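Every read-out reported here was derived from the displayed coordinates using simple, explicitly stated rules and does not represent laboratory data. Model, not experiment: these values are computed from the prediction. Counting neighbours? That spans all protein chains shown, and the Cβs are built from the backbone with ideal geometry, glycine included.
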Amino acid sequence: MSVRRVGDYWQLLPGGRAALAVAGESGVTSVQAVDEAGAGRRRQNEVYRAGVYGHLPRVPVAARKLQAAAKKALNARAYAYVAGGAGDEVTQRANRAAFDRWAVVPRLLRDVSSRDTSVEIFGRRLPAPLLLGPVGALELVHADADLAVARAAAATGVPMVFSNQASVSMEECAAAMGSGPDAAPRWFQLYWSTSDELVESLVGRAERAGCDAVVVTLDTTMLGWRPRDLDLGHLPFALGKGIAQYTSDPVFRRLVEEKVAAGGPKQPQPRPTPAAVKALVGMAKAWPGSFRDNLQSPLPRAAVETFLGIYSRPSITWDDLAWLRSRTRLPILLKGVLHPDDARRALDEGVDGLVVSTHGGRQVDRSISALDALPEVLGAVAGRAPVLLDSGVRSGADVFTAVALGATAVLLGRPFAWGLALAGEEGVRQVISDVIGEFDLTLGLTGHTAVDQLSPDVLRRVG
Ligand SMILES: Cc1cc2nc3c(=O)[nH]c(=O)nc-3n(C[C@H](O)[C@H](O)[C@H](O)COP(=O)(O)O)c2cc1C
């Protein structure tokens, strides 16, 4: 028996199931149904079927290869900004090492033919315990930036957390994600600005853009000490990159106009260099309106200066939370929680959820890793609110481990930025499908059919 044409090899059956059609001289002689149930087998079949035609995945599937490929594709400043962390990057390594200290103990003979990877958060069912975390300044890695991520998120049903430092406004991303009952889920991440009026404006816009929650990032009241960026003298925001939520905001624009109108002491202008001219062009591009007019206008540069002075408030305390609570009907999550006492206090203050995070090791070097901090935070929360986790999640097996330890869901960070760098929307979509696919298979191959069956009992500490 021989396969006559490659086209005979795989056929789609109704309902998205695949059939392996084995063709002989007299036509198809047997059709062997391949159970494609579940995200993992679907993704495998997609990849292997394409492989028959010589088509390979657009971006490497394994996290390490993915990052290495992105490194080759990106310029040095863009790569350093995404890859880099605080100090000696001990926290980044700790985030990964913490995952390696847990082992999964698979169980057998439990009928895992049908699996449900979905979870519910704030009344919405998600395809998997996975969100795309807020990642700013994505224009560094791809021209479509947040818009490509929004499209990939919408295509997969995975929520996107719009970054306060996005390169595309939340309204534009929201428009790409649909509205009404079919709207794809999205959240908004807030940096607490020195202007309360701006905070209120941003949160109001998030509500109108259909966001399901506000994530307040509290670990970045100041930018961490990041040697890779310092060595290159590179801060994207200073070049007008990653400030689209601001330049699209009516309050921010008024503040910029007021700044220009007030004049103020003229800064001595350094001699123009090619880099300075490039920076001015970048700022002119970031400001709405005609690029030619912006090149002549003082507003784009004033926007960058206004941003640098306004973007975060190190004086913020617990007392401020009540103010935010009274300004939005959306659930509020605090991102960057690592201490159980902070977790307890957050819930006492009426916060709706937490994100255990080290900001990907970008803020404090030698910090406790996010996964190591998780159990104590969960103990303090005692089931009263969802506890999400990010920092170091690279694969479906990592999602499995964090969820088994008790995380409600995880946020993916750098991996989707690498996917974006390599193949835009399609790259992000592939990274999401790969992570969910592996999560689904890990669930089944360890003897589970639903996320709520996971608990620390399925793990052993091995380090
Ligand atoms: C390039 C980059 C930009 C980021 N920008 C933001 C941001 O604007 N707001 C925020 O809350 N977190 C931001 N983060 C942190 C992520 O939301 C997340 O906490 C982190 O990426 C998790 O670590 P991991 O990517 O190593 O898994 C950023 C992370 C990276 C890598």
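Amide H to amide H, with H built 1.01 Å from N, residue 216 comes under 5 Å of 190, 333, 334, 335, counting only residues 5 or more places away or on other chains. Projected label points at residue 108 and residue 171, each 7 Å from Cα along the beta carbon direction, are separated by 6.1 nanometres.
Each of 134, 295, 180 was scored by the projection of its Cα onto the charge dipole of the chain, and the greatest displacement toward the positive side belongs to 295; charges sit on the C-beta of Lys, Arg, Asp and Glu. Classify segment 212-368 as rounded, prolate or oblate, taking a ≥ b ≥ c as the square roots of the eigenvalues of its Cα gyration tensor: rounded when a/c is under 1.5, otherwise prolate if a/b is larger than b/c and oblate if not. The shape class here is prolate.
Among 225, 287, 318, which comes first, second and so on when ranked by fewest other beta-carbon atoms within 10 Å?
If I rank by nearby Cβ atoms, fewest first, I get 318, 225, 287.
Quick one: angle between helix 39-52 and the longest Cα principal axis of the chain, in degrees between 0 and 90, rounded to 10, please. The angle comes out near 80 degrees.
Ranked by the mean number of other Cβ atoms within 10 Å of their residues, highest first, the peptides 209-220, 87-98, 356-367 come out as 356-367, 209-220, 87-98.
You can think of it this way: the chain between residue 222 and residue 291 has 21.7 nm of extra reach, that is 0.36 nm per residue less the Cα-Cα gap. Rounded to the nearest 20, the Cβ-based charge dipole of the chain about its Cα centre (Lys and Arg +1, Asp and Glu -1) stands at 1140 debye.
Rounded to the nearest 500, the helix-only mean residue ellipticity at 222 nm of the chain stands at -13500 deg cm²/dmol, with each DSSP H run of n ≥ 4 adding -39,500 (n - 2.57).
What's the exposure ranking of 248, 163, 315, going from fewest to most Cβ atoms within 10 Å?
Details: 248 17, 163 28, 315 9.
Fewest-to-most ranking of 248, 163, 315: 315, 248, 163.
Peptides 339-352, 185-198 ranked from most to least packed give 185-198, 339-352, packing being the mean of other C-beta atoms within 10 angstrom over each peptide's residues. With K and R counted +1 and D and E -1, the other residues having a Cβ less than 14 Å from that of residue 318 yield a net charge of -2.
Normalised by residue count, segment 236-310 yields a Cα convex hull volume of 90 Å³ per residue.
What are the lysines whose alpha-carbon lies under 22 Å from the alpha-carbon of residue 285, with same-chain residues fewer than 8 places away excluded? Straight-distance partners of residue 285: 241, 259.
Ranked by how many other Cβ atoms sit within 10 Å of their own Cβ, fewest first, the residues 162, 252 fall in the order 252, 162. Relative intensity of the chain on a log10 scale, I(q)/I(0) at q = 0.06, 0.07 Å⁻¹, equals -0.29, -0.39, per a Debye sum over C-alpha point scatterers of equal strength in the absence of solvent.
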